[in-house]
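Scroll down for the structure; my scribbles are underneath it.
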Amino acid sequence: MTHWFHRNPLKATAPVSFNYYGVATTPAATKICNDLRLSRTRLLELFTDLSCTPEMMKNATDTYFSLLKGFIVSLDDSSQDSKLRYIQNFKWTDTLQGQLPSAQQDAVFELVSMGFNVALWYTKYASRLAGKEDVTEDEAKEVHRSLKMAAGIFKHLKESHIPKLITPVEKGRDLEVRLMDSYIIQCQAEAQEVTIARAIELKHNPGLIAALSYETANFYQKADQTLSSLDPAYTIKWRKYLHLKCCFYMAYAYCYYGQTLLASDKCGEAIRSLQEAEKFFSKAEALCKEYGETKGPGTTAKPSDHLFFRKLGTLVKSTLEKCQRENGFIYFQKIPTEAPQLELKANYGLVEPVPFEFPAVHAHWTLESLAAFDLTKRPKEDSAKPKPEEEVKPVKEPDIKPQKDTGCQIS
């Protein structure tokens, strides 16, 4: 399933030295600064390292975030912020809005921006793993888990940390609620795609597959609607992807619902359901072409090239022909003019984000090491000179070569 999922680019950031000459007054304080610089650099490197595993990512994020939290939280269990929260300026670009960065002198801004990239890494890791030639059952579970992890990180940032920013998030920027919601919902929808592929592979009850497909289509529709009030210049390509996935899974829902109707001797209604599936599949095919021709941020998925996509078209056609034959020989039922209303609720297989928490403050942070940072020794900044907007270099992401498509079979 290489390039089955649309992926927006990683956020880019300006380097941070954490050199506080004069402010860090002891070797312990200097060591914390050095460790922050090294662990930040290491984490940024892992985002584009194809050999990086979730275990490596977790170790790197735990190290950096536990050190960074000393700049954010009080060490004496009070509700006050760390005295170091506003010592450093951080610059981050957006996934959608090009290379002009947002900057905030706030360690919470660094926490949520880096956390956002970690969540994006999990989505890209899942996409890469799903693109292997033969996806094993364990790898399919890893894809599923990674997408739920990403949803959990986005959700935690949105609910627990972004509201703490002193400077409100600009409209249309990554950390804004509409963008965060879309990322969360997309991750849930994509994880459910893995569930659906598994259910089809194991020939589960068509009613369950129909319900899961319907719920997944609704997720994609909701993600699309969440982006509808944002500037189309940035979101149109992403929205085309969400729309085509919605149509694709509506086709799946009507196709498998048609099978359940036929099994209940409701052949006329089954034919009408399959006709609706045919309509949604044709719409998904047209949207694939539109999506591929639309310019915008992110990697271009190629769903219509996949066996998993093409199989649905064949399945809809053969099931519809079967229903029409049965109706001509056995049932002789009238075909309704209106498509059946899908009021399907899946009792199994629905995806919830995996709960996420940042690690505890690193052991290097003690009351003594914090006291060793003397803010009175900070050099005075020359605020009279206007600083030009600098462009942050985009992240060079590895190009993933498409592999032979096996139709998302889970062996």
Tell me which residues, restricted to the range 252-278, are over 20 Å from Ile196 (Cβ atoms), part of a helix (DSSP H, G or I) and not aliphatic (A, V, I, L, M). Cys267, Gly268, Glu269, Arg272, Gln275
Residues that are under 10 Å from Ala189 (Cβ atoms) and among the aromatic types (Phe, Trp, Tyr), drawn from the range 217-236: Phe219, Tyr220
Quick one: in the range 74-104, which of the residues that are in contact with a Ser or Thr (Cβ under 8 Å, 6 or more places away or on another chain) and surrounded by fewer than 19 Cβ atoms within 10 Å (Cβ to Cβ) is nearest to Lys164 (Cα to Cα)? Asp81
Contact list please: Cβ distance under 8 Å, first residue in the range 144-162 and over 22 Å from Ser127 (Cβ atoms) and polar (S, T, N, Q), second residue open to solvent by less than 10 Å² (accessible area, probe 1.4 Å) and in a helix (DSSP H, G or I), pairs at least six apart or on different chains. none
Pick from the range 283-338, criterion under 23 Å from the mean Cα position of the chain (by Cα) and acidic (Asp, Glu), ranking: modelled with the lowest pLDDT: Asp305
Looking at the range 5-15, is at least one residue out of contact with any strand residue (DSSP E or B) (no Cβ under 9 Å at 6 or more places or on another chain), closer than 30 Å to Lys245 by Cα and not charged (D, E, K, R)? yes
Could you tell me whether any residue of the range 198-205 is open to solvent by less than 10 Å² (accessible area, probe 1.4 Å), closer than 24 Å to Ser127 by Cβ and at pLDDT below 95? yes
Give the number of residues within the range 1-32 that are among the basic types (Lys, Arg) and within 16 Å of the chain's Cα centre (by Cα). 2
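The values are calculated or read from the model by the stated rules, or taken from the named source; none is laboratory data. As the structure is a computational prediction, the values presented were derived from the model and not from experiment. Every residue, glycine as well, gets a Cβ built from its backbone with ideal geometry; the counts of neighbours run over all protein chains shown. Remember, those area values only see protein heavy atoms, side chains included, never the ligands or the DNA or RNA. Shrake-Rupley method; radii C 1.70, N 1.55, O 1.52, S 1.80 Å.
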